[in-house]
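Coordinate-derived values only; no laboratory data. Just so it is clear, the structure is predicted and the values come from calculations on it, not from any experiment. Every residue, glycine as well, gets a Cβ built from its backbone with ideal geometry; the counts of neighbours run over all protein chains shown.
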Amino acid sequence: METNVVKRLFTLLLLAGIGGIFLSLWLGYQPDAELNLTAKYYADNAPTALGAANIVTAIVVTYRGLDTLGEVTVLFLASTIVGLVLALGRSATKTAQPLTPVGELLTTGSRFLAPLIMLLGVYVFVNGHLTPGGGFQGGAIMASGVLLLLLADPLKHIGHGLISVIESLAGLAFVVAGLLGLVLAGGFLDNRFLPTGELGALFSAGAIPLIYSLVGLKVGAELSGVLANLSETEAL
């Protein structure tokens, strides 16, 4: 009993300390009157230099290209580890009673909506150089379409082979696009190895739409693979 009281008291003190830190930061916050030199340079030069109307996209894909490669790699490693752990868990788990099949209406509705959701994901990463969005957001939306199918029909089997092929090819093409920027333009993932086109047009910003499409396919495949593994584990 005394141990629980001490734990709760420690938790309250910890929360109070963290709250005090954030309160002091909030009370002392003073917004910048103008952009710093680095931000001002990007804001003034990124649209014309890279041809992307969305400055955030231009920075993430080109100036922070290596960081984006690291994020994609971390997501790949996380999805691989999750798949490995769940596969080992399935091999050690005995099969339980099978799940009850769902109704025809729910199955048909999910099959109708899932392609529309995936089409929205494609739209988000293809237009990431023009509007808010990009590869990570579009890939997550595409994976939500797979999640809808699995929620509507828990007995549904998602082919891991197709997911692995899409993920592998997208990752390889992403690295190749980065190397093309390094060889033909100014650096790794430099989008200007393709024509930048007219600012604001769909076919503009050089290779950014291509790069974000590859990122979207890779992220969508990785998240879909995790969902498929989780679904098969729950069915045991």
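Hey, which aspartates and glutamates would be in cross-link range of residue 218, C-alpha to C-alpha under 19 Å, not counting anything within fewer than 8 residues on its own chain?
67, 71, 167
Which entry in [x] 26, 20, 19; [y] 37, 31, 17; [z] 39, 22, 14 is this structure's computed semi-axes √(5λ) of the Cα gyration tensor in Å?
[y]
Rounded to the nearest 0.05, what FRET efficiency do residue 168 and residue 41 have when you use their Cβ-Cβ distance and R0 = 30 Å?
0.20
Excluding residues on the same chain fewer than 8 positions from residue 40, give the aspartates and glutamates whose Cα lies under 17 Å from its Cα.
Within the straight-line limit of under 17 Å, residue 40 reaches these aspartates and glutamates: 32.
Grab the DSSP H runs of the chain that are 4 residues or longer, score each as -39,500 (n - 2.57), total them, divide by all residues and round the 222 nm result to the nearest 500 deg cm²/dmol.
Using -39500 (n - 2.57) per qualifying helix, the result is -24000 deg cm²/dmol.
Compute the distance in nm between two label points, each set 7 Å from the Cα along the Cα-to-Cβ direction, one at residue 182 and one at residue 78.
In this crude spin-label approximation the distance works out to 2.5 nm.
Among 168-179, 51-62, how do they line up by average Cβ neighbours within 10 Å per residue, starting with the highest?
Result, highest mean Cβ count within 10 Å first: 51-62, 168-179.
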